[in-house]
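Heads up, the thing below is written out as C-alpha cells.
The values are calculated or read from the model by the stated rules, or taken from the named source; none is laboratory data. Here the structure is a predicted model, which is why all the values come from computation and not from measurement. For neighbour counting, all protein chains shown are included, and Cβ atoms are generated from backbone atoms with ideal geometry for every residue, glycine included.
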Amino acid sequence: MHPTIHSKLPNAGTTIFTIMSSLAVEHNAINLGQGFPDFEMNQGLPELVSKAMADGHNQYIHMNGLPLLRERISEKVKKLYNTDVHPADEITITPGGTYALYTALTAILQPGDEVIVFEPAYDCYIPQIELSGGVAVTIPLTAGNYKIDQALTRSKITAKTKAIMINSPHNPSGAVLDEDDMKFLSDIVKGTGIFIISDEVYEHLIFDGKKHLSVLLYPELYERSFVTFSFGKVYNCTGWKTGYCIAPPMLTKEFRKIHQFNAFTVFSPVQFALAAFLENENEYLNLGKMLQKKRDYFKELMAKTRFEPLASYGSYFQIYSYKNISEEKEYEMAVRLVKEFGVATIPVSALYKTPTNNQVLRFCFSKKESTLEAAAEKLLNV
C-alpha cells in the first residue's frame, strides 16, 4: 500500500502563465504573456544590495521587516495618502505580494467562509481562498470596461461573506477603481464584519491623469483591510519577490501569527537596499509616466493590426479584442498566436472560474521598444 495525497486543489492544474511561457520558449516566440519587464532596473538598486551583503547584512532580520524600511514605507504612505500607519504595528515586509495575500486570507478564513472575487482575477486568488477552507463567490466585471456591477455584488453578500477582494489597477484589464466604486464598497461593508483584501501592487503604474484610490485613503475601509504591495512591480525587479502588507494593528497581529510560522523573514540585503532607495521618491513617482509611454507606443504599433484595444488605465497590461479576426475561443487563439505567429499572450478566459469567451487576450507592454516592435510586426500577419 502506498500513501495517497488527497489534493487540496483537485481542480487546479498548471498556471496559464507557465503554460504560455513554456510555449513561448518551445516556439521561440516573443513573450508578451507573463507580466515582467525585459529591461533592466535602475542599477543603483542592485549596487545597494551588493553593498548590504559586503557590509555584513546577511543574517536573519526582524520577523516584521527591517525597522528602517518600515519607517520609510510609513513616510511614503503619509506623503501619498495623508494616512498615518505605524511602522511597528501596521507594516509587515513579505516575500512578495502574492504571499501577503495568502497570509491575509489564511489569517481570517474559517471553513465555509465566503469571499467575493471579481472576475477576471489574478489566478492565485481562488486557490488561496480554497486552501484556507473558504468558498470563492465569483462576480464578473462588466465586459468591455471591467467595472464592478454594484447591484449584482449586493445580491451576492450573505451572512457567510467574510471578505471582498479588490485589485486596482486591475490585472488583467488595466481598469482602475473610481470614487463611486470606493463609496459603494464603503456602503456595503458598513456595519458588517466583512474584511477587504486590497491588492495594490500596481499602485504607481497608473495613466492618463488617473489617481490611484488606495484603501488607505478611506479610514472606514482601512479599519477592516489588509492592503498588499510589491516592490518588484515598483522597481522592475519581479524576481526579487519582496512586498509588504499594511493593516490596522489588530489585523496585523493576526497576520504576523501566520507569517512567523511560514517565511518568518525576508531576504535581508534587499531590505537594506530598499530602505536606502526609497529616499528617492522620483523612482516610483515617475514610473507611471514611463509605462504610459510604453502603453501608448504599443497601442500605436498595434493600430496597424486587426486587434482592437480596450481601455487600460494602469498596470503592465492592455486587453485587445480579436472579434474581427476569429471566432476561436481565447485559449485556442492564444496557442495559435504562439505557434503560427510567434507571439505569446494570455487568454483572459483563463482568469475566470466561470467559463467565458469574450474573444480577448492580455498583452504585457512592459517591454523594451524593440520587443514591442518585433511583436507588432509579427501580429500584422494575423
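Inside the range 139-197, can you point out the residues that are in a loop (DSSP other than H, G, I, E, B) and of a type in the set (Asp, Glu)? It would help to see each step written out before you state the result.
Step one: list which residues in the range 139-197 are in a loop (DSSP other than H, G, I, E, B), which gives 141-149, 157-160, 168-178, 190-194.
Answer for the range 139-197, where residues must be in a loop (DSSP other than H, G, I, E, B) and of a type in the set (Asp, Glu): ASP149, ASP178.
Could you please find all residues in the range 99-113 being surrounded by 20 or more Cβ atoms within 10 Å (Cβ to Cβ) and free of Cβ contacts under 8 Å to residues at least 40 places away in the same chain? Matches in the range 99-113: TYR102 only. Evaluating HIS204 against the criteria (1) closer than 30 Å to SER7 by Cβ; (2) touching a residue at least 12 places away in the same chain (Cβ under 8 Å); (3) part of a loop (DSSP other than H, G, I, E, B) leaves one unmet condition, (1). The set of residues in the range 266-301 being charged (D, E, K, R) and more than 19 Å from PRO87 (Cβ to Cβ) consists of GLU283, LYS289, LYS293, LYS294, ARG295, ASP296, LYS299, GLU300.
A single member of THR142, THR92, THR106 is in contact with a strand residue (DSSP E or B) (Cβ under 9 Å, 6 or more places away or on another chain) and either at pLDDT 95 or above or assigned by TED's automatic domain parsing to the domain that holds PHE231 (or both), and it is THR92. Exactly one residue out of ASP123, ASP149 is in the same structural domain as SER173 (by TED's automatic domain parsing) and either hydroxyl-bearing (Ser, Thr, Tyr) or under 18 Å from the mean Cα position of the chain (by Cα) (or both), and it is ASP123. The set of residues in the range 294-304 being surrounded by 19 or more Cβ atoms within 10 Å (Cβ to Cβ) and touching a strand residue (DSSP E or B) at 6+ places or on another chain (Cβ under 9 Å) consists of ARG295, PHE298, MET302.
Restricting the range 174-198 to residues that are touching a helix residue (DSSP H, G or I) at 6+ places or on another chain (Cβ under 6 Å) and farther than 18 Å from THR158 by Cβ, the residue that is surrounded by the fewest Cβ atoms within 10 Å (Cβ to Cβ) is SER186. Summed over the range 1-39, the residues that are more than 22 Å from the chain's Cα centre (by Cα) and over 16 Å from ALA344 (Cα atoms) give a count of 10.
The C-beta contact set for the range 156-183 (first residue outside the structural domain of GLY314 (by TED's automatic domain parsing) and more than 18 Å from LEU217 (Cα to Cα), second residue assigned to a helix (DSSP H, G or I) and of a type outside the set (A, V, I, L, M), distance under 9 angstrom, 6+ apart or interchain) comprises GLY174/ARG295.
Where helices (runs of 4 or more DSSP H) sit wholly within the range 227-345, those with at least 1 residues that are more than 20 Å from the chain's Cα centre (by Cα) occupy 249-259, 268-277, 282-285, 287-302, 330-336.
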